[in-house]
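First comes the structure, then the notes that go with it.
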Amino acid sequence: MEGSKEKFEQLRALIESHKDQPGALMPVLQGAQGIFGCVSEDVQKFIADGLGVTLSEVYGVATFYSQFSLHPKGEYLISVCLGTACYVKGSQSILDKLSEVLHIPVGGTTPDGRFTLEATRCLGACGLAPVMMINGEVYGRLTPDQVPGIIAKYQPASEAQA
Amino acid sequence: MDIYRAHVLVCGGTGCSSSGSAMLIDRFNEKIAENGLDREVKVIRTGCFGLCEAGPVVIVYPDGTFYSRVKVENVDEIVTEHLLKGRKVEHLVYTDHATHEQNANKALEDINFYKHQHRIALRNCGVIDPENIDEYLAMDGYRALEKALTKMTREEVIDEILKSGLRGRGGGGFPTGLKWKFTYNSQADQKYVACNADEGDPGAFMDRSILEGDPHAIIEAMAIAGYAIGASEGYIYVRAEYPIAVKRLNIAIAQAREYGLLGKNIFETGFDFDLFVRLGAGAFVCGEETALMHSIEGGRGEPTTRPPFPAVKGLFGKPTMLNNVETYANVAQIILHGAEWYASMGTEKSKGTKVFALGGKINNTGLVEVPMGTTLRTIIYEVGGGCPNGKKFKAVQTGGPSGGCLPESLLDTPVDYDNLIQAGSMMGSGGMIVMDEDNCMVDIARFYLDFIVDESCGKCTPCRVGTKRMLEILNRIVKGQGKEGDIEKLEELAQTIKSTALCGLGQTAPNPVLSTLHFFRDEYEAHIREKRCPAHHCQALLQYFITDKCRGCTACARVCPAGAITGEVKKQHKIDPEKCLKCGACMEKCRFGAIIKT
């Protein structure tokens with residue numbers, strides 16, 4: 001993989017800087033997720049070797065927390081808030097609409113690798129409910145009919161016109 | 001220090017940041033410089049003002065004019081009119097949604113939303129720049145730490161907290177002073193203080209706002225706690241989903257170290273204390289204290305049985321004292337003003353104030369801090385402004401997934417730990433989600449169970465398997481496939497899980513079901529026996545009809561994905577119930593209000 005050597009060098013440095021600190025595994029996994037976008041088996045093995053822990057321990061932690069993903073996610077991560085405040089204000093219908101527009105189930109990634117659709121728990125922006133976030137950009141006070149327009153902004157110009 | 005004639009406070013909390021407050025700040029600075037006012041007017045990004053509904057919020061001092069839902073294009077007008085010419089921009093002034101009152105001369109504290117509030121934990125939120133330690137110092141910051149270290153013994157500090165009656169704000173309501181005392185009593189070469197900022201209850205965001213708006217308050221309180229129990233290190237465990245909070249916390253810790261308020265020999269008393277931030281990774285169960293500590297240790301965040309309690313054996317096997325963010329936010333004020341002052345507020349067994357996150361079907365969504373003992377009615381109607389769009393109030397959910405839904409008849413309950421438990425819910429971390437007539441209580445119970453099934457760590461069987469079986473039953477009921485006996489089965493499972501689950505998450509998981517069964521049993525029965533959803537929410541149980549208001553415009557027939565609508569142009573159309581998918585697309589499309597659902 002292109003650039004992967006460089007990424008593993010980054011990971012090596014990260015492991016070195018955390019090695020002697022208690023409870024290093026979590027911050028290292030979080031860093032690795034940031035570098036690679038996911039923690040694949042190779043990455044987990046590398047971390048296990050680097051920290052001197054078993055692969056099963058790394059895998060156990062990586063699969064316990066929802067933040068860690070074992071597979072790469074799309075270029076744009078769409079997180080629809082299903083916290084209570086958003087739910088009572090109809091965020092399920094926003095999620096359904098996205099699923100329909102993107103032709104993917106919740107948790108799925110579009111075949112072109114552009115979008116991943118996720119349901120997330122409270123984003124803490126309850127004042128703007130219902131809310132969704134696309135790569136850190138927050139869209140609030142949503143209605144289902146706004147969804148196609150917002151998605152179009154993230155499509156390449158040619159496809160958006162098509 | 002430079003003196004300015006006016007200050008523009010722009011909310012930089014999560015709600016307002018999400019609706020573009022950062023752009024407002026840039027534009028204000030640009031425009032103010034353009035008009036040559038940059039030596040006279042200062043723009044400050046503060047923490048949360050609380051009234052998220054009105055965001056992005058801007059307050060101009062010294063007059064305290066409260067502008068709401070400000071857009072970038074409004075900035076020029078505020079600068080040229082208000083800041084340059086001294087004329088308030090009336091049309092941008094906050095309008096009270098409940099009373100439709102818009103009054104530019106009304107002081108902030110007289111607005112209904114703020115009138116009943118008493119801000120202790122939120123004292124600096126929306127008042128100071130959270131990224132500037134000098135502003136915190138100017139608000140008596142770190143004076144409580146100085147007082148504790150130089151004028152009080154460790155025992156006196158603990159005694160003060162004990163006498164104040166402060167109880168854990170994370171939900172359990174355990175007396176904070178006792179927790180401090182237990183950890184103080186443990187003998188060990190190393191002890192830790194820890195802060196639970198893994199705010200997982202959906203709909204609660206007070207911890208986030210405090211960290212974002214006043215991070216030094218937590219640092220100061222943890223240092224005081226460290227001195228009291230004899231710990232030299234502390235950990236703050238924050239949700240990774242809160243990037244602004246993490247950033248400001250790290251800035252604040254760096255500033256405190258620079259000022260010698262963290263580190264070695266603080267206030268030259270020989271007391272050493274330092275803090276470290278650890279990020280969560282998206283696991284609700286990590287709000288449970290033993291699970292949280294396992295997560296800081298770098299492992300799976302699974303709870304373990306107590307005893308041993310963390311006060312004896314906690315983080316890295318050492319005595320550890322864990323408090324919630326909001327609990328810590330009260331500590332410095334108690335040390336400064338004394339236990340008696342704090343205990344003069346609240347009810348007999350719940351002292352002080354509590355922050356609530358108001359959300360859902362309510363006019364004034366946001367954060368409020370009121371004295372314990374304020375009634376639900378006051379919070380929901382006077383502070384919160386009631387339900388929007390003239391809808392009828394149905395229930396208020398308190399305590400998140402561990403709590404319950406309380407009906408109209410209990411609105412006069414004075415809110416405190418014990419009253420809420422007696423009413424069949426709990427305080428939890430202070431989320432208050434209001435539901436109106438359109439919300440189906442069976443579906444709400446199902447929603448919470450779905451959350452729990454997702455978040456159960458899987459370690460103990462009652463929680464892992466039991467909640468799943470409950471969810472399956474609820475899923476059937478909302479789909480119209482409920483059977484006689486389902487309610488009884490739910491109750492039996494609920495009681496078993498309550499009495500046998502390992503940790504607090506499991507033991508309280510059935511509460512949303514039990515409370516809705518208690519107060520809204522008729523809704524369950526309507527779903528099961530009559531295959532009807534009284535709130536017209538559950539899709540599978542809906543039926544769509546076209547009334548004689550139909551003009552035959554054919555819009556509905558064209559939008560129907562199932563081809564279920566037929567009829568001639570300019571004549572009343574009809575829906576074939578066999579083909580209808582109950583998607584509601586026709587109802588959305590109809591311009592004449594001719595389509596109804598029952």
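Bear in mind these aren't lab numbers, they're just calculated from the coordinates by the rules spelled out. This is a predicted model, so every value here is computed, not measured. Please note: Cβ atoms are built from the backbone with ideal geometry, for glycine as well, and neighbour counts cover all protein chains shown.
Only sites in a loop by DSSP and with at most 11 other Cβ atoms within 10 Å count here; which chymotrypsin sites (Phe, Trp or Tyr not before Pro) in segment B:424-499 make the cut?
Passing sites in segment B:424-499 do not exist.
For the pair residue B:109 and residue B:521, what calculated FRET efficiency results from E = 1/(1 + (r/R0)^6), where r is the Cβ-Cβ distance and R0 = 60 Å, to the nearest 0.05?
Efficiency computed from Cβ-Cβ geometry: 0.90.
Do the alpha carbons of any pairs in A:7/B:264; A:97/B:468; A:5/A:73; B:394/B:597; A:73/A:97; B:106/B:349 sit beyond 29 Å of each other, and which pairs?
Exceeds cut-off: A:7/B:264; B:106/B:349.
Is there a simple number for the mean count of other chain Cβ atoms within 10 Å of the Cβ of residues in B:520-531, and what is it?
Average per residue, whole number: 0.
I'd like the mean, over residues of B:347-358, of how many other protein chain beta carbons sit within 10 Å of each residue's own Cβ.
What the average comes to for B:347-358 is 1.
At 20 °C and 1.002 mPa s, what whole-number value in µm²/s does Stokes-Einstein give for the translational diffusion of the protein assembly as shown, with Rh from the Kirkwood sum over Cα pairs?
Translational diffusion coefficient: 78 µm²/s.
How much length would be gained if the chain were fully extended between residue B:267 and residue B:7, taking 0.36 nm per residue of separation minus their Cα-Cα distance, in nm to one decimal?
90.3 nm
What nm value, rounded to one decimal, do you get for the distance between residue A:110 and residue B:185 when each label is placed 7 Å out toward the C-beta?
In this crude spin-label approximation the distance works out to 6.2 nm.
Name the long-range amide H neighbours of residue B:194: under 5 Å, sequence gap of 5 or more, or other chain; modelled H, no Pro or chain starts.
Amide H neighbours of residue B:194: B:235, B:321, B:322, B:323.
Enumerate by residue number the GluC sites (Glu not before Pro) in segment B:477-520 meeting two conditions: DSSP loop (anything except H, G, I, E, B), and at most 15 other Cβ atoms within 10 Å of the site's Cβ.
B:484
What does the convex hull of the alpha-carbon atoms of chain B project to on average, in nm²?
Seen from a random direction, the Cα hull of chain B projects 29.8 nm² on average.
Give me the number: length gained by fully extending residue B:23 to residue B:140, i.e. 0.36 nm times residue separation minus the C-alpha to C-alpha distance, one decimal in nm.
Separation in residues times 0.36 nm, less the Cα-Cα distance, equals 39.0 nm.
Treat the count of other C-beta atoms within 10 Å as a stand-in for reagent exposure and order B:586, B:580 from fewest to most.
With the fewest neighbours first, B:586, B:580 line up as B:580, B:586.
Below 8 Å, C-alpha to C-alpha, sequence gap of six or more: please give me the relative contact order for segment A:70-162 in percent.
Across segment A:70-162, relative contact order equals 34 percent.
Nearest 500 deg cm²/dmol is fine: what mean residue ellipticity at 222 nm does chain B get from its DSSP H runs of n ≥ 4 alone, each adding -39,500 (n - 2.57), divided by its residue count?
Using -39500 (n - 2.57) per qualifying helix, the result is -10000 deg cm²/dmol.
With both partners inside chain B, how many of the DSSP beta bridges are antiparallel, as a percent to the nearest 5?
Percentage antiparallel, nearest 5: 55.
Quote the relative contact order of segment B:398-547 in percent (integer), defining contacts as alpha-carbon pairs under 8 Å separated by 6+ residues.
Normalised by residue count, the contact order of segment B:398-547 is 30 percent.
So what's the angle, to the nearest 10 degrees on a 0 to 90 scale, between helix B:467-478 and the longest Cα principal axis of chain B?
Helix B:467-478 and the main axis of chain B meet at about 40 degrees.
Highest mean first, what order results for B:298-307, B:329-338 on Cβ atoms within 10 Å?
B:329-338, B:298-307
Using only atoms on other chains, find how many Cβ atoms lie within 10 Å of each Cβ of peptide B:268-281 and report the average.
Mean number of neighbouring Cβ atoms from other chains: 2.
Could you run the Karplus curve 6.51 cos²θ - 1.76 cosθ + 1.60 with θ = phi - 60° over segment B:259-268 and give me ³J(HN,Hα) per residue in whole Hz, x for Gly and Pro?
7, x, 8, 10, x, 8, 6, 5, 6, 6
Round to the nearest 10 and give me the degree value, 0 to 90, for the angle of helix A:55-64's Cα axis relative to the longest principal axis of chain A.
20 degrees
Divide the volume of the convex hull of the Cα atoms of segment A:39-162 by its number of residues and quote the answer in cubic angstrom per residue.
That works out to 122 Å³ per residue.
I'd like the antiparallel share, as a percent to the nearest 5, of DSSP beta bridges with both residues in the protein assembly as shown.
That works out to approximately 55 percent antiparallel.
Could you give me the ³J(HN,Hα) list for segment B:585-598, computed from phi with Karplus coefficients 6.51, -1.76, 1.60 and θ = phi - 60°, whole Hz, x at Gly and Pro?
My calculation for segment B:585-598 gives 4, 5, 5, 5, 6, 5, 8, 10, x, 8, 9, 10, 10, 10 Hz in order.
Output the peptides B:33-39, B:571-577, B:280-286, B:411-417 sorted from most to least packed, where packing is the average of other Cβ atoms within 10 Å over each peptide's residues.
Highest to lowest by the protection proxy: B:280-286, B:411-417, B:571-577, B:33-39.
Mind pulling the angle between the C-alpha long axis of helix B:243-258 and the longest principal axis of chain B? Nearest 10 degrees, somewhere in 0 to 90.
Relative to chain B, helix B:243-258 is tipped by roughly 0 degrees.
Using 0.36 nm times the number of residues separating residue B:341 and residue B:548, minus their current alpha carbon distance, what extension gain do you get?
67.9 nm
Below 8 Å, C-alpha to C-alpha, sequence gap of six or more: please give me the relative contact order for chain B in percent.
11 percent
Once segment B:129-212 is represented by equal point scatterers at the alpha-carbon sites, with solvent omitted, what log10 I(q)/I(0) does the Debye formula produce at q = 0.13, 0.19 Å⁻¹?
Results for segment B:129-212 at q = 0.13, 0.19 Å⁻¹ read -0.61, -1.18.
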